[in-house]
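Let me begin by handing over the structure; questions about it come next.
Values in this text are rule-based calculations from the coordinates and carry no lab data. Given the structure is predicted, the values throughout are model-derived calculations rather than measurements. As a convention, Cβ positions derive from the backbone with ideal geometry for all residues, glycine included, and neighbour counts pool all protein chains shown.
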Amino acid sequence: MKNLLITAAVLALSLAAACGSGSSSRAIEEFNASCTFPYKLAETGGAFAQDSDYEFSPGFGCEFYTSLSARITRSGYPDIMDDLHITAIELSSWEYSVFDFCVGDQMDKADRLLKKRGYKTESAEDARYMVYTKGGVELELTRSISDDCMSYNTIARIIVSVETTNKQNVLF
């Protein structure tokens, strides 16, 4: 009986871990399908490295590629010690859309569209930011500040990132 309980517990934990991983994969696939940016979250390719619009900057355990309208972060994924993948994309131009909203759109439009897709709102320490999460994907929207500096109306920047692990507790 004891062996049966142990086997059942191990099986339950394995299923829970597998379901969590699948949830992350689905959220990444859903984001990539909805985003008009040419490079995709969690992809390994570095085609942008040859793109003259992007300037390379090294980091601690990562690297950055920056253009006038976007910034790409490559780091180890799914664990920080793994091969480099795109783990974050920062969009600062209206030319790229995510889930049918883009920089310059109203915050309430993005909020409605993200919640409709199952994203949950996370608390942010600063009212200029709205943070949404789903299955290991985090979307942060930065609000633009109006002239009176009192109201936050439109999206000024969109940052999407994937959750990574740090199994070896590496400090950078």
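If I model a spin label at Asp82 and Thr66 as a point 7 Å from the Cα along the Cα→Cβ vector, what separation in nanometres do I get?
Label-label distance for Asp82 and Thr66, simple model: 2.8 nm.
I would also like to ask the following. For Asp111 and Asp53, what is the calculated FRET efficiency with R₀ set at 30 Å and r taken between the beta-carbons, to the nearest 0.05?
My answer for the efficiency is 0.45.
For Glu125 and Lys167, what is the calculated FRET efficiency with R₀ set at 25 Å and r taken between the beta-carbons, to the nearest 0.05?
0.35
Right, something else. Leaving out same-chain residues fewer than 8 places away, which lysines sit with a Cα under 24 Å from that of Lys167?
The reachable lysines, counting only those whose Cα sits under 24 Å from Lys167, are Lys134.
When the convex hull of the C-alpha atoms of the stretch 25-162 is computed, what volume per residue in Å³ does it have?
It comes to 118 Å³ per residue, whole-number rounded.
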